[in-house]
Structures are given as C-alpha cells and as structure tokens.
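Shown next, in structure tokens, is the structure this report addresses.
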C-alpha cells in the first residue's frame, strides 16, 4: 500500500504542475470584474465536480466575500435537488443547468463549470446557451479537453485524464481563486 500511496502522491504533484498559472490569473481577473460589476457567478458540474462547485461557492460567497469591499454574487446550481430532478424528469438531464440559467442569468454574468472529460452534454448545453446569451464562460477541463474547451471563452486544461487527480487539481484552482481574494489586499478594494 505504501508504494501505491507514494506513486499516487507523485502523480498528483505532476498533475498540479500542469496548471497554467497565467490562465488562473486570467480567471481571477474575470472574477474581479464580476465582483466590481455585481455580476452573478453560476458554478456547476457533475459528480465530484458538483461537490467542487458547492465547495467553491461556499469559499467565494463566505470566505472571499468577508474580505472584499463588495460581496460575491455566486450560486452553485447543483444545490437545488428538487428543481434539478423536476427538470431532468420533465425535460431531460441535459437541461438541468440550462433551464435554471434561463430563470436567473443575465448578460455579463459568469458561468463557471468543471468537467474532467469536457464533454458532459448538460454542461456543454449550458455553456452554449451562455455564449448565445452574452454571458462569460469559464471551463476547467482535463487532458481530453472535449467540447467545453472548444466553446468556452476561458479554459484551464489540467493535463491528466485521471478523474481523482483532475478533480483535485480543479479544486486547487478554485482555492487559488478564492484565496486570491482572501489573501491579496489589492483584490479586496
């Protein structure tokens, strides 16, 4: 077991090294503009990425907002289970995010999604709708990139295809964004 754990840690370190720092900085800029302009940031994903979406919104909405002059308007659209199941049942699982966005999102708002494959139909549909509706689109994806990497305005690729390592790296990126506002006084004004 020790060899497995040692190897896992080494591979995780290698995955983290693939995070493009300049792209993370670019996304921090997107979030700063959204904060300054009082735009809403909608965060969403499937499976582990759904859990990451909820975690990230908690960090941004509480921790980051406690340090900034204005407060982040952010929402994980994974967190309304009755609405999601109604949409999935009455329309299609592909519609569980886009139909929520239709009710709330406005031009200039930010869509932020995470997907290891980059090809989840419900995420792709939401990002396509966001682009057509003049929202800013941000996707974190894995090595395969997928459709999200082709259609999103801002993309961060983590160069691995192991779900655990990529999801961990995506959460690390989310922490970098949130803690940039918690720990960098220049962003707090």
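Please treat every number below as a calculation from the coordinates, not as lab data. Nothing here was measured: the structure is a model prediction, and the numbers come from that model. Positions of Cβ are backbone-derived with ideal geometry, glycine not excepted, and every protein chain shown enters the neighbour counts.
Modelled this way, with points 7 Å down the Cα-to-C-beta line, the labels at residue 133 and residue 81 are 2.5 nm from one another.
Going from the residue with the fewest nearby Cβ atoms within 10 Å to the one with the most, 64, 133 rank 133, 64.
When peptides 1-12, 38-49 are sorted by average Cβ neighbour count within 10 Å, with the highest value leading, the order is 38-49, 1-12. Once both labels are positioned 7 Å from their Cα atoms along Cα-to-Cβ, the gap between residue 184 and residue 103 label points is 3.4 nm.
Here the peptides 148-154, 65-71, 136-142, 54-60 are ranked by packing, the mean other Cβ count within 10 Å, and the order with the highest first is 136-142, 54-60, 148-154, 65-71.
Subtracting the Cα-Cα distance of residue 161 and residue 67 from 0.36 nm times their residue separation leaves 30.3 nm of extension gain. Per-residue packing, averaged as other Cβ atoms within 10 Å, sorts the ranges 92-101, 174-183 into the order 92-101, 174-183, beginning with the highest. An oblate overall shape is assigned to region 20-187, the ratio a/c of its alpha-carbon gyration tensor axes (a ≥ b ≥ c) being 1.5 or greater and a/b not exceeding b/c.
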